[in-house]
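Read-outs: derived from the displayed coordinates by stated rules, not from any lab. It should be emphasised that the depicted structure is a prediction, and the values quoted were computed from it without experimental measurement. Every residue, glycine as well, gets a Cβ built from its backbone with ideal geometry; the counts of neighbours run over all protein chains shown.
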Amino acid sequence: MRLLSALGLFGLLVLAAGCGPPEFKGSPGSGEPDLKKVAAQFHDKPSNKNVAKDEIPLKFVDTEGKEVDIASFRGKSNIVLVVVKGMPKYPGGQFCPGCLAQVNSLTANHAEFKKRDAEILMVFPGSPDALPQFLHDGKVDGKGDNPKVPFALLLDTDLKAVKTLGISGDLAKPSTYILDKRGNAVFAFVGETTTDRPSVQALLAQLDQLNAKN
């Protein structure tokens, strides 16, 4: 059996960490992913995880230190709960391109979710110190021509929610949940790679189906 070269081993570890291969980068030498091209690789796969009602963590803390109780949305709004990877420990503390593309595309399409009585809640696991850079790299920090992310950003500093949901990885696996107005998880997808996550169009279609039943 041939030994893997150092370069080959590095590539495998990058993929395992869910941070994607080099083709997600922008122009040569820029070090920035093309967010639209990355988001175009998101999919419309069905749920791949069953989640009981009591498995969804109900309480988080937002970036201002205020408690956000998901139960407070019951009877008012559907919930799209998105857990990004945070700042992975490997390789070299780089943000997952899919996470950057996801926060960018959800921001751009926020009005479509509101039309469907849905609130987006995004969970950033691990240390919040890297969150400003995450928003900058996702082009949603409200600076320059960048829009400001219009939905709640929630913290999971101690990874309690990640562990409860069973999505531990290099901090967390990219995961998306849709909760109806009764708090039931009607859709749950846990990804394994940077682009293994539902597209905006797929989420909107799920919400349309959900609203049609009610």
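Tabulated data for the structure shown
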{"quantity": "Relative contact order (%) - criterion: Cα under 8 Å, at least six apart; region: the range 117-168", "calculated": "44"}
{"quantity": "From the C-alpha gyration tensor of the range 6-213, square roots of 5λ in Å", "calculated": "26, 18, 17"}
{"quantity": "Whole-Hz couplings from phi, Karplus 6.51/-1.76/1.60, listed for the range 132-141; x for Gly and Pro", "calculated": "x, 5, 4, 5, 5, 5, x, 6, 9, 9"}
{"quantity": "Within the range 44-78, trypsin sites (Lys or Arg not before Pro) in DSSP loop having at most 16 other beta-carbon neighbours inside 10 Å", "calculated": "Lys49, Lys66, Arg74, Lys76"}
{"quantity": "Net charge of neighbours whose Cβ lies under 9 Å from the Cβ of Gly169, counting Lys and Arg as +1 and Asp and Glu as -1", "calculated": "0"}
{"quantity": "Whole-Hz couplings from phi, Karplus 6.51/-1.76/1.60, listed for the range 201-211; x for Gly and Pro", "calculated": "4, 5, 5, 5, 5, 4, 5, 4, 5, 5, 5"}
{"quantity": "Selection of trypsin sites (Lys or Arg not before Pro), the range 139-214, meeting DSSP coil and at most 15 other Cβ within 10 Å", "calculated": "Lys143, Arg182"}
{"quantity": "Pairs beyond 22 Å (Cα-Cα), from Lys49/Lys148; Lys114/Lys181; Lys59/Lys181; Lys53/Lys76; Lys66/Lys148; Lys143/Lys173", "calculated": "Lys49/Lys148; Lys143/Lys173"}
{"quantity": "Using alpha carbons only: equivalent-ellipsoid semi-axes of the range 146-208, gyration tensor based, whole Å", "calculated": "20, 16, 15"}
{"quantity": "Residue (of Ser127, Cys99, Asn109) at the positive-pole extreme of the range 99-191, dipole from beta-carbon charges", "calculated": "Asn109"}
{"quantity": "Relative contact order (%) - criterion: Cα under 8 Å, at least six apart; region: the range 6-213", "calculated": "30"}
{"quantity": "Cβ-defined net charge surrounding Gly75, 9 Å radius [Lys, Arg +1; Asp, Glu -1]", "calculated": "+4"}
